[in-house]
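Since the structure comes first, as structure tokens, the remarks are kept for the end.
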């Protein structure tokens, strides 16, 4: 039984690369008409760190034709999916859709989508149409896909979220706070850690303090955020659980594993200690829900502290303690919905 479980775990984790992207594509395991789950499985089981669904992927969603472009991490293959109602959130859930095309360049993938939109029929109008279409589809993709959770870490409008949440915003991020949409300027980012620091011109007296204590296994935690954005509801949601492991995928010591539920839209939200409300980690990703159960990850508070100090923020000036009874109120007033506009 232990041997069988070991085989399953190895199949789920991202192993070191042992096959090229072209090897995977030409293996016969990926065919036009494959689901995202089938495409993902082919890359994962081949041991590919170049998996199109992991952190660092390029994604672009075209809501009008329900198509999505994804690239491998190294940009050596571009995949076009159709019938996409739920775009990929990488790192995170794959979403839905069926493979319609895979090509070596982004331009070929984009041209395929544009033809589907019926906007490349006249050569004389092609350049103008392509230019305007790119602007519209980019804006549409941002509105549909670039949203997540965030939280105040000071009383001066400083906000933490994931980099992948605001990556396509082009410094046009917004937060929803006190029933208003408010601009949030990008102050700093770290693509490797997947963290971003925003600043909003607001007056807030509730914020989450970063814990000085190292996380521990079995530590009780609460995750807060906006899973599935506002499509589910505009009410902030809580999930709870424990710290399951002090390492992430491939022994990543900057992350920890929790069993509290995380879904698309939770990215960038806080994971706090149940008793003190202090930050334990920042929600960032989870393994596929159809192949795993309760395997989710957060960026450790220590990494968040290092990120802020590297960007000349003295977080000691923002330390504040809360009692257990105040944790729910604290999260309700400090966790934010963030999006591109």
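Numbers at a glance
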quantity: Selection from segment 321-337 of residues that are in contact with a helix residue (DSSP H, G or I) (Cβ under 9 Å, 6 or more places away or on another chain) and modelled with pLDDT under 95; calculated: 322
quantity: Some residue of segment 282-290 being surrounded by 22 or more Cβ atoms within 10 Å (Cβ to Cβ), in contact (Cβ under 8 Å) with a residue 12 or more places away in the chain, under 15 Å from residue 208 (Cβ atoms) and within 23 Å of the chain's Cα centre (by Cα); calculated: yes
quantity: Test: residue in segment 254-273 that is loosely packed, with under 15 Cβ neighbours inside 10 Å and under 20 Å from the mean Cα position of the chain (by Cα); calculated: no
quantity: Boolean, residue 119 is out of contact with any strand residue (DSSP E or B) (no Cβ under 9 Å at 6 or more places or on another chain), outside the structural domain of residue 264 (by TED's automatic domain parsing) and at pLDDT 80 or above; calculated: no
quantity: Condition check for residue 250: more than 15 Å from the chain's Cα centre (by Cα), at positive phi and free of Cβ contacts under 8 Å to residues at least 12 places away in the same chain; calculated: no
quantity: Selection from segment 304-333 of residues that are within 25 Å of residue 191 (Cβ to Cβ) and within 24 Å of the chain's Cα centre (by Cα); calculated: 304, 305, 306, 307, 308, 309, 310, 311
quantity: Residues satisfying the stated conditions in segment 225-243, i.e. surrounded by 19 or more Cβ atoms within 10 Å (Cβ to Cβ) and without any contact (Cβ under 8 Å) to a residue 60 or more places away in the chain; calculated: 227, 237, 239, 241, 243
quantity: Scan of segment 210-219 for residues that are part of a loop (DSSP other than H, G, I, E, B) and either under 17 Å from residue 283 (Cβ atoms) or in contact with a strand residue (DSSP E or B) (Cβ under 6 Å, 6 or more places away or on another chain) (or both), ordered by number; calculated: 211, 215, 217, 218, 219
quantity: Residue in segment 280-293 that is assigned by TED's automatic domain parsing to the domain that holds residue 160 and over 30 Å from residue 94 (Cβ atoms) present; calculated: no
quantity: Options 221, 208: the member that is out of contact with any helix residue (DSSP H, G or I) (no Cβ under 6 Å at 6 or more places or on another chain), in the same structural domain as residue 303 (by TED's automatic domain parsing), closer than 20 Å to residue 320 by Cβ and surrounded by 22 or more Cβ atoms within 10 Å (Cβ to Cβ); calculated: 221
quantity: Segment 79-98: number of residues that are on the phi < 0 side of the Ramachandran plot, modelled with pLDDT of 75 or more, part of a loop (DSSP other than H, G, I, E, B) and surrounded by 13 or more Cβ atoms within 10 Å (Cβ to Cβ); calculated: 5
quantity: Selection status of residue 101, modelled with pLDDT of 75 or more, more than 25 Å from the chain's Cα centre (by Cα) and not in a loop (DSSP other than H, G, I, E, B); calculated: no
quantity: Pair list, Cβ < 8 Å and 6+ apart or interchain, from segment 58-70 residues that are on the phi > 0 side of the Ramachandran plot to residues that are assigned to a strand (DSSP E or B); calculated: 66/82
quantity: Subset of segment 179-202 that is more than 18 Å from residue 303 (Cβ to Cβ) and in contact (Cβ under 8 Å) with a residue 24 or more places away in the chain - its residue that is surrounded by the most Cβ atoms within 10 Å (Cβ to Cβ); calculated: 184
quantity: Only one of 254, 239 that is at pLDDT 95 or above, over 14 Å from residue 213 (Cα atoms) and in contact with a helix residue (DSSP H, G or I) (Cβ under 6 Å, 6 or more places away or on another chain); calculated: 254
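The values are calculated or read from the model by the stated rules, or taken from the named source; none is laboratory data. Since the structure is predicted, the reported quantities are computational estimates derived from the model, not experimental observations. Cβ sites come from the backbone with ideal geometry, for glycine too, and all protein chains shown count toward neighbours.
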